[in-house]
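Every number in this text was worked out from the coordinates using simple rules, so none of it is lab data. No experiment lies behind these values; they were computed from the predicted model shown. Please note: Cβ atoms are built from the backbone with ideal geometry, for glycine as well, and neighbour counts cover all protein chains shown.
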Amino acid sequence: MVGIVIVSHSKKVAEGIKDLAMQMVGPEQKIICAGGMEDGGIGTDAVRICDAIQSADSGQGVVVLVDLGSAVISSNLALELLQENGIDTQVTLADAPILEGAISAAVQAFIGGSMKEVVEAAELAREVLKLL
């Protein structure tokens, strides 16, 4: 199964998104949070994201969802850390809304979707209208 990493500046936000997504999938779906700083403060940490990616990987790749622009920067730094350490994990950052994208990605991963399908499901969430 493709793993999911949720990167938020807030630990509580990341954990809440994970809780919602886990309601839609089985317990074997790997969704790992990388929210906030090690000390519990607001921010993102490339090392924590790198560790989360490694924890989420079961050999079929990992899709990373982020909340704000600097989370993208930290996630890209995490990818560099993986490369520097010789860790060959297929990782894609999805350009998707973090909550809706995480739920869509988790469901697609849980039903056996490929990396491409999981990323597409997450990114398709941008187009879902809430009000008609």
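Worth a mention:
- Candidates Val63, Val47, filtered to the one that is surrounded by 21 or more Cβ atoms within 10 Å (Cβ to Cβ) and either out of contact with any strand residue (DSSP E or B) (no Cβ under 6 Å at 6 or more places or on another chain) or in contact (Cβ under 8 Å) with a residue 24 or more places away in the chain (or both): Val63
- Only residues that are small (Gly, Ala, Ser) and either touching a Ser or Thr at 6+ places or on another chain (Cβ under 8 Å) or assigned to a loop (DSSP other than H, G, I, E, B) (or both) were counted in segment 79-132, giving 9.
- Applying the condition of being surrounded by fewer than 18 Cβ atoms within 10 Å (Cβ to Cβ) and aliphatic (A, V, I, L, M) to segment 99-114 and asking which residue is nearest to Gly16 (Cα to Cα) yields Val107.
- Within segment 1-44, considering residues that are among the small types (Gly, Ala, Ser), in contact (Cβ under 8 Å) with a residue 24 or more places away in the chain and in a loop (DSSP other than H, G, I, E, B), the one farthest from Ser70 (Cα to Cα): Gly26
- Breaking point among (1) of a type in the set (A, V, I, L, M, F, W, C); (2) over 10 Å from the mean Cα position of the chain (by Cα); (3) within 18 Å of Ala125 (Cα to Cα), for Met37: (3)
- Put simply, of Ser55, Ser75 the only residue that is part of a helix (DSSP H, G or I) and in contact with a Lys or Arg (Cβ under 8 Å, 6 or more places away or on another chain) is Ser55.
- Applying a threshold of 9 Å to beta carbon distances and a minimum spacing of six or more residues, or different chains, the list of pairs starting in segment 78-91 at a residue that is within 23 Å of Glu117 (Cβ to Cβ) and ending at one that is among the charged types (D, E, K, R) and loosely packed, with under 11 Cβ neighbours inside 10 Å reads Leu82/Asp88.
- The sole residue among Met37, Met24, Met1 that is surrounded by 17 or more Cβ atoms within 10 Å (Cβ to Cβ) and in contact with a helix residue (DSSP H, G or I) (Cβ under 9 Å, 6 or more places away or on another chain) is Met1.
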